[in-house]
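> Have a look at this one before I ask anything.
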Ligand SMILES: Nc1nc2c(ncn2[C@@H]2O[C@H](COP(=O)(O)OP(=O)(O)OP(=O)(O)O)[C@@H](O)[C@H]2O)c(=O)[nH]1
Ligand SMILES: [Mg+2]
């Protein structure tokens, strides 16, 4: 297939994008992209194009804080990502927006209540992808870090707010 459609994997730094990418590959060892403990592991914007996959996968660098980068570099990467999506939006048939479940309440508060625009937030990304009509699936990752009780609370928080916030 010459012009394969692409799957976009997007989200803040360190939420688990590269780990999820690896899970989607027939042979995870084929993926040379880095995943790691420190935010800012993936720096290159490169698509994975395997002969045995009918679509390409683009595992983007993360938005926001990166351990070994300056604020200027973080802003540069954010701009690069935005320009990339704008330029290639037609090629994306689907986007996976990965969110760290532990940060969900904080993100909702900052984006919807405080209207903070200085920090790149997952909901900004969601609205951004919606502008290009790219269908998305939101993945709440790192759920294993929550206790059963916390999981229930997060779920209630999401379900009660989703309609008001036009989340899902
Ligand atoms: N506990 C837990 N850890 C996870 C999970 N998914 C990923 N991790 C860990 O989180 C860290 C970051 O994972 P990556 O896959 O590199 O995250 P990323 O979003 O690609 O990060 P950047 O490329 O820096 O934006 C690694 O140490 C992973 O092992 C998960 O579901 N649960
Ligand atoms: Mg990564």
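The values are calculated or read from the model by the stated rules, or taken from the named source; none is laboratory data. Everything numeric in this text was worked out from a predicted model, so none of it was measured. Neighbour counts are summed over all protein chains in view; Cβ atoms, including those assigned to glycine, are modelled from backbone coordinates with ideal geometry.
> Scan the range 119-129 for residues that are modelled with pLDDT under 90 and either assigned to a helix (DSSP H, G or I) or closer than 14 Å to residue 97 by Cα (or both) and jot them down.
Residues satisfying the conditions are 120, 121, 122, 123, 124, 125, 126, 127, 128.
> Next question, about the same structure. Can you name the residue in the range 53-111 that is more than 12 Å from ligand 1 (Cβ to nearest atom) and assigned to a loop (DSSP other than H, G, I, E, B) and, of all such residues, is farthest from residue 37 (Cα to Cα)?
Per the criteria, the residue is 54.
Each row is one residue, and each column tells you yes or no for (1) under 17 Å from residue 138 (Cβ atoms); (2) modelled with pLDDT of 80 or more; (3) crowded, with 16+ Cβ neighbours inside 10 Å.
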{"position": "24", "(1), (2), (3)": "yes, yes, yes"}
{"position": "30", "(1), (2), (3)": "no, no, no"}
{"position": "42", "(1), (2), (3)": "no, no, yes"}
{"position": "52", "(1), (2), (3)": "no, yes, no"}
{"position": "55", "(1), (2), (3)": "no, yes, yes"}
{"position": "58", "(1), (2), (3)": "no, yes, yes"}
{"position": "83", "(1), (2), (3)": "no, yes, no"}
{"position": "100", "(1), (2), (3)": "yes, yes, yes"}
